[in-house]
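**Q** Dumping the structure here so I can ask a few things about it.
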Amino acid sequence: MKEISGIPASYGVAIGPALLYGREELVIDTHQVEDPDAEWQRFEQAREETGQQLDQAFLVTQAECGAEAAEIFNAQKLMLDDPELLAAVKNRVESERINVEAALLETAESFASQLEAIEDEYLSARAADIRDVTSRCLRNLLEVDDSPASELKVPSIIVAQDLTPSDTVLLDKKLVLGFCTAGGGATSHTAILARSLGIPAVVGAGEDVGEIRSGDQLVVDGDAGKVVVNPDPEELKEFKNRQESIRKIKVEAESLSHQAAITTDGHRVEVVANIGSVDGVQPALDAGAEGVGLLRSEFLYLERESLPSEEEQYQSYKTIADAFGQRPVILRTLDVGGDKEIPYIDLPVEMNPFLGVRAIRLCQERPELFKPQLRAALRAGYGNNLKLMFPMVASVDDVLKVRAVLEECKGELLEEKQQIAEEMEIGIMIEIPSAAVLADQLAEVVDFFSIGTNDLTQYTMAADRTNTQVAALASGFQPAVFRLIKTVIDAAHAQGKWVGLCGEMAGEMLAIPILLGLGLDEFSMNPPAIPFAKRLIRSISHEQAREVAEEALNLRSDQEIREFVQKMVPEVNRD
Ligand code: PEP
Ligand code: MG
């Protein structure tokens, strides 16, 4: 075995020795204890220690990757404080007089298996979190320190079956050259973390990963999604050359990132950032963002333990919008539901949460959630260029209904003599196929569109965006998705409205020439992709992009489209 194929999860080439991560299985025996109170005290101590470690993991992650990625550790802490879990463990220790390790392991395992039995990707991930936090607490109880972080002494490529979020985050990132995991998909924690840190990664590489030994020389090719084990000198030289040219291009792209994104024949588009918090502003500005195309407001809710007040929301929105001056900042209203849950907002239990009461559907049912956010946005938009965008619009009626609530809020604020942005631009996300089909009608009732290809793809292809089994179908490069994008852009332009795109696709080099050719006006992406996107746009002509788009739309598969762009536009390569 020399070459292993997996899912490309984070760009770049990493070369270095493999470090195998596999924690020792904890062996927990069950035995009788004499003093249940003393046993409980031991547990309380271990729980406190675990809480402190999770707080540390939260802070490290927040600083390195932002609040969104860090939230997992708050969620784990809540799990360990869950009154139901604690009562069940206590009851077993007291009534059966058994050691707390056994009581905790069995109780937590039964909670996790119940979640898993529901066969829902999101809940399975929560089951994994329960196991992760339980394992951490058990290690503290048994005073075992075999955390992977303690083994990482020299720069290495981390090889694992899968990595738990807490394992990943506590690694010394200066020593992590790349990641290779057997499990996981493009949205797994390792992938998200690797992308936000700019560390090359291949995930979902399967059983062959088991044959890699610690110390093997590895190459992780995060663009091609392959891992080469013990390459021969010639191959190694080639990869080293590629690594070097990627580095040079990165430096060159960064040096141009504050210039406008203008094609060689003078067509200008906007390149803006996707952010989720006030902390996200500076990295976006540094990367050369010309504004914010998607402020995922739900992340401001996720950072907390209770509902933010109107005033708190106003402060956050205003800080972000003011930081960009007269450049646009698009605030998306609360998009909870689907795979995004907020502990203090009661969501209905649904068979198909992605098809259920999500985003504006929930907000319309819950004016106590919706109205303070709309009021805060109207107030925060005074004197800057804040725009408002509604997610999960399926029909014209949806827009009319949310606009009516917005008007109600405006009326109230004016009555209260508050300063508001009366002329704020209102847009919608096009992420449900019905909205794409009705784009001509929708363009009449809004100022702009932003295409959400993450959801538009999953709903068009009927392929859950969080399920690795259907990852190929859930790719935005499906011809059907490109055709819908064209429909949307043409319909909006026919009525003089502009169109952005804020799904992951906007930052994918292979997609950019097609989107440019289809006439997309605004590209909104994770900040690390901005310098590369601008560099690419500045190196090709609009004319060429139009030709590529026209032909690409006649191709018949995801793979054909990717290969075609690769062939026609060599500038998409970063090396
Ligand atoms: C999308 O669906 O493409 C999008 C940008 O929104 P989110 O990923 O938050 O659902
Ligand atoms: Mg979406």
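**Q** In what sequence, largest accessible area first, do 417, 401, 318, 153 appear using a 1.4 Å probe?
**A** On the way: 417 170, 401 105, 318 50, 153 150 Å².
So the residues, ranked largest to smallest area, are 417, 153, 401, 318.
**Q** Among all the lysines, which ones have a C-alpha under 24 Å from residue 174's C-alpha, if same-chain residues fewer than 8 places away are not counted?
**A** Counting by Cα, and skipping residues close in sequence, residue 174 has these lysines nearby: 153, 226, 237, 240, 248, 250.
**Q** Where the Cα atoms of the stretch 350-395 are projected onto their three principal axes, how long is each span, largest first, in whole Å?
**A** 44, 20, 15
**Q** Assign unit charges at the C-beta atoms only (+1 for Lys and Arg, -1 for Asp and Glu), then state the dipole size of the chain relative to its Cα centre in Debye, rounded to the nearest 20.
**A** 1940 debye
**Q** Find which of 117, 41, 137 sits farthest along the positive direction of the dipole of the stretch 36-142, computed with +1 on the beta-carbon of Lys and Arg, -1 on that of Asp and Glu, about the Cα centre.
**A** 41
**Q** I'd like to check one number: the per residue accessible area of the chain, probe 1.4 Å, reported in Å² as a whole number.
**A** Per-residue value: 43 Å².
**Q** Please report the spacing between the Cα centers of the stretch 386-437 and the stretch 222-250 in Å, no decimals.
**A** That distance is 48 Å.
**Q** Continuing with the same structure: Write down the percent of antiparallel bridges among all DSSP beta bridges whose residues are both part of the chain, to the nearest 5.
**A** Within the chain, antiparallel bridges account for around 35 percent of the total.
**Q** Continuing with the same structure: How compact and how long is the stretch 1-111, expressed as Rg and Dmax of its alpha-carbon atoms in Å?
**A** When restricted to the Cα atoms of the stretch 1-111, Rg and Dmax are 19.4, 57 Å.
**Q** Heavy-atom accessible area of residue 312 with all protein chains present, probe 1.4 Å, nearest 10 Å²?
**A** Its accessible surface works out to 80 Å², give or take rounding.
**Q** Between residue 573 and residue 493, what length comes free when the chain is fully extended (0.36 nm per residue of separation minus the Cα-Cα distance, one decimal in nm)?
**A** So the chain would gain 25.8 nm between residue 573 and residue 493.
**Q** Related question: Return the FRET efficiency for the residue pair residue 434, residue 563: r is the Cβ-Cβ distance, R0 is 45 Å, and the value is rounded to the nearest 0.05.
**A** 0.90
**Q** Keeping every protein chain in place, order 542, 493 by accessible area at 1.4 Å, biggest value first, i.e. largest first.
**A** Largest accessible area first, the residues go 493, 542.
**Q** Distances over 28 Å make up what percent of all Cα-Cα pairs in the stretch 427-575?
**A** So the pairs more than 28 Å apart make up 13 percent of the total in the stretch 427-575.
**Q** Two-decimal Rg/Rh of the chain from alpha-carbon positions, Kirkwood Rh? It would help to have the intermediate numbers written out before the result.
**A** Values: Rg = 24.9 Å, Rh = 25.3 Å.
Rg/Rh: 0.98.
**Q** Size of the dipole of the stretch 36-142 about the Cα centre, Lys and Arg at +1 and Asp and Glu at -1 on the beta carbon, nothing else charged, in debye to 20? Can you show the working numbers first?
**A** On the way: 10 positive and 23 negative charges, 70 e Å.
Dipole of the stretch 36-142, to the nearest 20 debye: 340 debye.
**Q** May I ask you to compute the full-extension gain from residue 78 to residue 539, defined as 0.36 nm times their residue separation minus their alpha-carbon distance, rounded to one decimal in nm? Could the numbers behind the result be given before it?
**A** On the way: separation 461, 0.36 × 461 = 165.96 nm, distance 4.93 nm.
Full-extension gain reported as 161.0 nm.
**Q** Long-range amide H contacts for residue 387: which residues qualify at under 5 Å (H placed 1.01 Å from N, peptide plane, sequence gap of 5 or more or a different chain)?
**A** 329, 330, 331
**Q** Further question: Mind ranking 449-458, 222-231, 548-557 by how tightly packed they are, going by the mean number of other C-beta atoms within 10 angstrom, highest first?
**A** Top to bottom by mean Cβ count within 10 Å: 449-458, 222-231, 548-557.
**Q** Could you tell me which of 50, 293, 5 has its Cα farthest along the dipole of the chain towards the positive end, charges placed at Cβ (Lys, Arg +1; Asp, Glu -1), taken about the Cα centre?
**A** Of the options given, the answer is 293.
**Q** Let me ask something additional. How high is the relative contact order of the stretch 427-575, given as a whole-number percent (alpha carbon pairs under 8 Å, six or more residues apart)?
**A** Working: 234 pairs, mean separation 33.1, N = 149.
Relative contact order of the stretch 427-575: 22 percent.
**Q** Between residue 113 and residue 311, 0.36 nm times their residue separation minus their Cα-Cα distance comes to what?
**A** This chain segment gains 67.2 nm when fully extended.
**Q** Got a sec? Charge dipole of the chain, +1 on Cβ for Lys and Arg, -1 for Asp and Glu; which of 21, 540, 502 is way out at the positive end?
**A** The listed residue farthest towards the positive side: 540.
**Q** Rounded to whole Å, give me the distance from the Cα center of the stretch 526-575 to that of the stretch 68-117.
**A** Centre-to-centre distance over Cα atoms comes out at 49 Å.
**Q** Could you tell me what percent of the accessible area of the chain is made up of carbon and sulfur, with a 1.4 Å probe and every protein chain present?
**A** Carbon and sulfur: 50 percent of the exposed surface of the chain.
**Q** Can you tell me the FRET efficiency between residue 264 and residue 319 if r is taken as the Cβ-Cβ distance and R0 is 45 Å, rounded to the nearest 0.05?
**A** Values: r = 38 Å, r/R0 = 0.84.
Taking R0 as 45 Å, the efficiency between residue 264 and residue 319 is 0.75.
**Q** State, as an integer percentage, the relative contact order of the chain based on alpha-carbon contacts under 8 Å between residues 6 or more apart.
**A** 15 percent
**Q** Taking a threshold of 24 Å on the Cα-Cα distance, which of the pairs 340/371; 318/417; 173/340; 90/340; 318/410; 371/497 fall above it?
**A** Values: 340/371 20 Å; 318/417 18 Å; 173/340 27 Å; 90/340 31 Å; 318/410 17 Å; 371/497 27 Å.
In this structure, 173/340; 90/340; 371/497 exceed 24 Å between Cα atoms.
**Q** Dividing the convex hull volume of the alpha carbon atoms of the stretch 502-560 by its residue count, what do you get in Å³ per residue? Show your work: numbers first, answer last.
**A** Numbers: hull volume 4.8 nm³, N = 59.
In the stretch 502-560, the Cα convex hull volume per residue is 81 Å³.
**Q** Just order 7-19, 202-214 by mean Cβ neighbour count inside 10 Å, highest at the front, would you?
**A** 7-19, 202-214
The values are calculated or read from the model by the stated rules, or taken from the named source; none is laboratory data. On a predicted model such as this, the values are computed, not experimentally measured, just so you know. Backbone-built Cβ (ideal geometry, glycine too); neighbour counts: all protein chains shown. Heads up: the accessible areas ignore ligands, DNA and RNA and are worked out on the full protein's heavy atoms, side chains in. Shrake-Rupley method; radii C 1.70, N 1.55, O 1.52, S 1.80 Å.
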